[in-house]
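Student: Can you keep this structure in mind? I'll have questions shortly.
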Amino acid sequence: MILVAGDDKDSGTALAWATLCAGAPALDAIEQGVRAVEANAEDHSVGLGGYPNALGVVELDAGVMDGRTRASGAVGGLRGFAHPVSVAYAVMRRLPHVLLIGEGAARFAAEIGAERADLLTDTTRTAWGAWCAGQGLDRAVLDRVSLVEAVWGGHDPQRPGGTTVYLAQDAAGDIAAATSTSGWAWKYPGRLGDTPVAGAGFYADNRYGAAACTGMGELAIRTGLARSAVLYMKMGMPVIEAVDEALGDVQSLPGVAGDITLYAIDAQGGYAVAAIWAGERSVEYTMAVHGDEAPTRCAARRVLAK
């Protein structure tokens, strides 16, 4: 089984599904799927071509988790490398740590020979310039001006919450989660959302299931959203109820504002996707289970509309 968000099925999902069906472990399969999305310059929410921060620098976040051991690896604010998901996986396998950020993450990526890349494309450079102009910012002096007010206007022009998340269960019953994002467009430099934070943006536990989030990561951090969903499953709730209960925790935050979608699978092959969002739009995901010839595109339930 594989459950995917934030991905065109032709860029990563089909590859991950084929890899999983060929007998690969869940985490290895979804790493390949996420890498394909990271390499897609037309997806502006992750990897190459991701929208930059307010200074015009692309900063990438990613995380992985092995549900069998509950080992995890993650990177935040990684600059200049093509595949943060693979760097995160290497953190899990090769270091006694879980999360590396900024210069330390880049040093580690260089030490392991990770692929380097110039992540800012002509398209995203132009979009960043237009945002700066709209905010009245002079790009020549950005290092000397306040960005505090400007970043309140930061959002992903492509789609809100375009984080790529993969959840999978392999033939051995092992469950895994993987995430990757370039974060909010025009974010304050150094901002980390939930994507690299185990328990907030992703969580996997073979005994119960896995969950991951897209949307306003600050809400997932404040509620420990991904692990909450898994813990509700541990309490005996069906996966659909667990997702709704966890999103209810978000809805209970005072003054909550922002869209968020929660994706979850359970250890018995069940799955659920639900969202909180405002306005008229839809959230899509891709689902594939044993016997499917190809992944199927579906729509999330809008169970807690604001």
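Student: Of the residues in region 202-234, how many are surrounded by 24 or more Cβ atoms within 10 Å (Cβ to Cβ), in contact with a Gly (Cβ under 6 Å, 6 or more places away or on another chain) and not hydrophobic (A, V, I, L, M, F, W, C)?
Tutor: 3
Student: Looking at region 23-69, which of its residues are β-branched (V, I, T) and not in a loop (DSSP other than H, G, I, E, B)?
Tutor: I30, V34, V37, V64
Student: Starting from region 87-113, keep only residues that are more than 15 Å from T69 (Cβ to Cβ) and assigned to a loop (DSSP other than H, G, I, E, B), then list their pairs with residues that are among the small types (G, A, S) and at pLDDT 95 or above whose Cβ atoms are within a distance under 6 Å, requiring at least 6 positions of separation or different chains.
Tutor: Correct list of pairs: I112/A90.
Student: Further question on the same structure: Take the conditions at negative phi, assigned to a helix (DSSP H, G or I), free of Cβ contacts under 8 Å to residues at least 24 places away in the same chain and not aliphatic (A, V, I, L, M) and apply them to T13. Does it pass? Lay out the reasoning, then the answer.
Tutor: On the way: at negative phi: yes; assigned to a helix (DSSP H, G or I): yes; free of Cβ contacts under 8 Å to residues at least 24 places away in the same chain: no; not aliphatic (A, V, I, L, M): yes.
Answer is no for this residue.
Student: Which residue is farthest from G209 (Cα to Cα), if the candidates are limited to region 246-268 and must be surrounded by fewer than 22 Cβ atoms within 10 Å (Cβ to Cβ) and touching a Ser or Thr at 6+ places or on another chain (Cβ under 8 Å)?
Tutor: It comes out as L253.
Student: To continue, here is another question. What pairs come out if I take residues in region 165-189 that are among the small types (G, A, S) and pair them with residues that are surrounded by fewer than 24 Cβ atoms within 10 Å (Cβ to Cβ) and outside any loop (DSSP other than H, G, I, E, B) whose C-beta lies under 7 Å away, six or more apart or interchain?
Tutor: Note: pairs meeting the criteria are A176/D66.
Student: Restricting attention to region 50-66, report how many residues are within 27 Å of A26 (Cα to Cα) and surrounded by 24 or more Cβ atoms within 10 Å (Cβ to Cβ).
Tutor: Of the residues in that region, 8 qualify.
The values are calculated or read from the model by the stated rules, or taken from the named source; none is laboratory data. Keep in mind it's a predicted model, so treat the numbers as computed, not measured. A quick note on method: Cβ atoms are made from the backbone with ideal geometry, for glycine too, and the neighbour counts reach across all protein chains shown.
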